[in-house]
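Asks: Provided herewith is a single structure, encoded as structure tokens, for subsequent inquiry.
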Amino acid sequence: MLSQNIFIINSKTLYDILNEVKNLLNFNIFQINEKDLNKNSFDNFKNYILLTNDLKNIEKNPYIDIAKVLVIDEMPIPIKKLIEKINIFILKESFQIQSKKKIKEYYFDLNDRTIFKKDKKVKLTEKELQLILYLDLKKDPQNITKLQNEIWGYNKDLETHTVETHIYRLRKKIQKEFNDEKFIKSTKKGYSL
């Protein structure tokens, strides 16, 4: 179980249930009212979820991130089932966080293989995503031979044009959608971001 802060909003019953067993869990439990939530309510907490049994009122609050809200609307609920729901919610959230990556001013969804910037997005091939992640990891320019070995697993039948063609197409995609001709740079030493 991941260490997590659970804020229970407007539900004394949920708070009482979890508070009784909190010593057995890896959770910090807090009881709050939705009207007490403000812009800075969660600044000191890296991992948190909001637990409630009534979404109607809290979804109107501009300071609440709905993606962090777990609604338990089947009351009464067995403690085992409640903890299972919390754990599943935490695992899903953790998976989503791990699938997101920021490179330069772009965001990547590694699971969906897409690149985002503001309201625009482009679908990437698996090799395009591998290439971007590799160049981001290395920082220094990488020559074609290095890219052939690391991304394509070097095949002596693989022509150097394969790498150049992939980079050319990737540059075109990014230039067309984001009007960015400098995302992948080319120098005498090789390619870099």
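The values are calculated or read from the model by the stated rules, or taken from the named source; none is laboratory data. Computed from a prediction, not measured in an experiment: that's the story for all the values here. Methodologically, a virtual Cβ is constructed for each residue, glycine included, from the backbone with ideal geometry; neighbour enumeration extends over all protein chains shown.
Results for (1) loosely packed, with under 15 Cβ neighbours inside 10 Å; (2) of a type in the set (D, E, K, R); (3) not assigned by TED's automatic domain parsing to the domain that holds residue 59, shown as yes or no for each residue.
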{"position": "83", "(1), (2), (3)": "no, no, no"}
{"position": "93", "(1), (2), (3)": "no, yes, no"}
{"position": "104", "(1), (2), (3)": "yes, yes, yes"}
{"position": "122", "(1), (2), (3)": "no, no, yes"}
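Asks: Quick check on my filter: what residues within the stretch 67-80 are of a type in the set (A, V, I, L, M, F, W, C) and exposed (fewer than 11 other Cβ atoms within 10 Å of the Cβ)?
Replies: So the first thing to find is which residues in the stretch 67-80 are of a type in the set (A, V, I, L, M, F, W, C), and the list is 67, 69-72, 75, 77, 79.
Selection gives 67 alone.
Asks: Test residue 17 against the stated conditions and say whether it is surrounded by 17 or more Cβ atoms within 10 Å (Cβ to Cβ) and either in contact with a helix residue (DSSP H, G or I) (Cβ under 9 Å, 6 or more places away or on another chain) or among the hydroxyl-bearing types (Ser, Thr, Tyr) (or both). Don't jump to the end; show me each part of the working.
Replies: Values: surrounded by 17 or more Cβ atoms within 10 Å (Cβ to Cβ): yes; either in contact with a helix residue (DSSP H, G or I) (Cβ under 9 Å, 6 or more places away or on another chain) or among the hydroxyl-bearing types (Ser, Thr, Tyr) (or both): yes.
Taking the combined requirement at face value, the residue satisfies it.
Asks: What is the one condition in (1) in contact with a helix residue (DSSP H, G or I) (Cβ under 8 Å, 6 or more places away or on another chain); (2) crowded, with 18+ Cβ neighbours inside 10 Å that residue 59 does not satisfy?
Replies: (2)
Asks: In addition: Which members of the stretch 159-179 meet the condition of being in contact (Cβ under 8 Å) with a residue 24 or more places away in the chain and either touching a strand residue (DSSP E or B) at 6+ places or on another chain (Cβ under 9 Å) or not in a helix (DSSP H, G or I) (or both)?
Replies: Listed by number, the residues that qualify are 167, 173, 174, 177, 178.
Asks: Which condition does residue 134 not pass, out of (1) assigned to a helix (DSSP H, G or I); (2) touching a residue at least 24 places away in the same chain (Cβ under 8 Å); (3) over 16 Å from residue 165 (Cα atoms), if it passes all the others?
Replies: Condition not satisfied by residue 134: (2).
Asks: Same structure again: With respect to residue 132, determine if the residue is within 22 Å of the chain's Cα centre (by Cα), β-branched (Val, Ile, Thr) and surrounded by 16 or more Cβ atoms within 10 Å (Cβ to Cβ). Steps first, please.
Replies: Numbers: within 22 Å of the chain's Cα centre (by Cα): yes; β-branched (Val, Ile, Thr): yes; surrounded by 16 or more Cβ atoms within 10 Å (Cβ to Cβ): yes.
Here the answer is yes, as residue 132 does meet what is asked.
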